[in-house]
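Computed from the coordinates by the stated procedures, all read-outs in this text should not be read as laboratory data. Remember, it's a predicted structure, so these values are computed and weren't measured experimentally. As a convention, Cβ positions derive from the backbone with ideal geometry for all residues, glycine included, and neighbour counts pool all protein chains shown.
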Amino acid sequence: MLFVSVRQLIPQDLASIAPGPELACVLAGIELSRLSGFDCVEVLKAQYRQANHERARVLAAMVEVGMRSGGDDLSRSAADEFSADEIRAALMLTRRAADGQFWLAHD
């Protein structure tokens, strides 16, 4: 039995969809093996835009974790040499990796 894949079309406005929940939903519904070469490139660009959006949110969360004074309140403290400790524990990173990521995000 021979299986023929039907080409999938991407939304015409894919390049203009802002990164976030809508773009994530659109990308989740795309089957790469059913795209033309040109459309694969367009999806790659959109996926990269979405990944950068998500990375920015991860870095923002790292800053918030690193500047919290602990507990359930909303108080923040100045960044110091211990700011990355909670990040290190939560993400199971080495001290050096957690420090590097926190200070990158902080800066």
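Here are the numbers:
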item	result
Test: residue in the stretch 64-78 that is basic (Lys, Arg) and over 15 Å from residue 106 (Cβ atoms)	no
Residue list for the stretch 80-95, filter: part of a loop (DSSP other than H, G, I, E, B), over 11 Å from residue 65 (Cβ atoms) and not β-branched (Val, Ile, Thr)	80, 81, 82, 92, 93
